[in-house]
Amino acid sequence: MFNHTKYCFPVQYHEYEASDPVNITKKGLHLLLLANGRCAVQQENCPSALAQGGQIIITALPTQFIPMGICRLIGVSLVGIVATDFALEQNATRLLESGACPAAPDALVRLVTLQKERTAAETAALSFSLLCLIADANTQKQEYPRLAADAMAAIRQNYADLYGVDELAQTLGISKSHLVRSFKAATGITPGQYLTQIRLDAAKQLLLHREYPLEIVASLCGFSGANYLCKVFKKEIGITPAQYRATHLPQQAALERTALEDMLYF
């Protein structure tokens with residue numbers, strides 16, 4: 001009989017909402033989303049790191065999390081051949097911006113909150129899919145000049161609440177014209193275009209993984225309303241949000257069911 005736990009499987013689930021320190025000592029690859037707040041990440045013989053809300057903490061070391069006020073941590077500790085190989089490739093604890101991989105936080109939350117509703121095969125496949133998402137974010141990483149990198153990080157962290165490039169420039173303490181010129185020289189697109197891309201990426205994930213009406217999707221992703229979301233989505237993607245959901249949702253469900261089996265047998 002096939003053993004689904006052999007390759008990539010949760011050995012422990014984590015859900016904490018507290019101001020007291022949290023210790024994770026089990027062996028495995030630990031993936032934790034800091035849903036809100038800030039916390040210090042401390043490990044033996046390693047420099048401390050400060051995690052911000054929205055970041056995914058990736059580590060294979062025993063770790064103590066020290067909240068700066070009330071924080072919420074949610075995640076898993078994974079074991080198995082694939083998880084072990086992934087852990088060995090991590091030279092140090094990483095803080096992954098959720099905006100750099102918009103699908104990862106949602107996949108991680110679903111893995112934890114729906115644990116009792118999934119079979120072992122489904123849990124293994126979803127765990128593997130989560131690692132693939134994070135691995136893709138690793139390979140797509142690119143070095144940018146400091147200003148462009150800071151602007152991209154600010155957009156990824158605040159895309160839902162950011163009013164536009166004017167507010168972004170004010171946040172960074174520079175003029176709008178200098179920001180636009182420097183950002184486009186580094187990335188090939190304007191900060192406004194990048195903001196739209198990030199918002200659309202977030203909207204795609206909500207359309208696939210949540211049954212929210214379009215008005216709520218628009219609000220969560222920073223669009224002024226459902227009509228404007230539909231207008232931008234159709235212009236940039238070529239189809240409406242409803243068409244995207246109808247077309248891709250069956251494919252996403254099939255991918256989650258078969259991702260691990262495809263890797264093992266083909």
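Nothing in this text is a laboratory measurement; each read-out follows from the coordinates by a stated rule. These numbers come from a predicted model, not from an experiment. Cβ atoms come from the backbone with ideal geometry, glycine included; neighbour counts cover every protein chain shown.
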With a/c under 1.5 counting as rounded, go ahead and sort the chain into rounded, prolate or oblate using the C-alpha gyration tensor (a ≥ b ≥ c being the square roots of the eigenvalues; past the cut-off, prolate if a/b is larger than b/c, else oblate). oblate
Contour minus Cα-Cα span, R181 to K231, at 0.36 nm per residue, comes to 15.3 nm
Below 25 Å Cα-Cα, how many Lys pairs turn up in region 4-141? Only count pairs eight or more apart in sequence, or on different chains, if you could. 5
Can you work out the FRET efficiency for the pair K27 and E211, with r the C-beta to C-beta distance and R0 = 51 Å, to the nearest 0.05? 0.85
Cα convex hull volume per residue for region 4-141, in Å³, equals 96 Å³
How far is the Cα center of region 177-239 from the Cα center of region 100-135, in Å? 24 Å
Protection proxy ranking, peptides 198-206, 183-191, 171-179, average beta carbon neighbours within 10 Å, highest first: 198-206, 183-191, 171-179
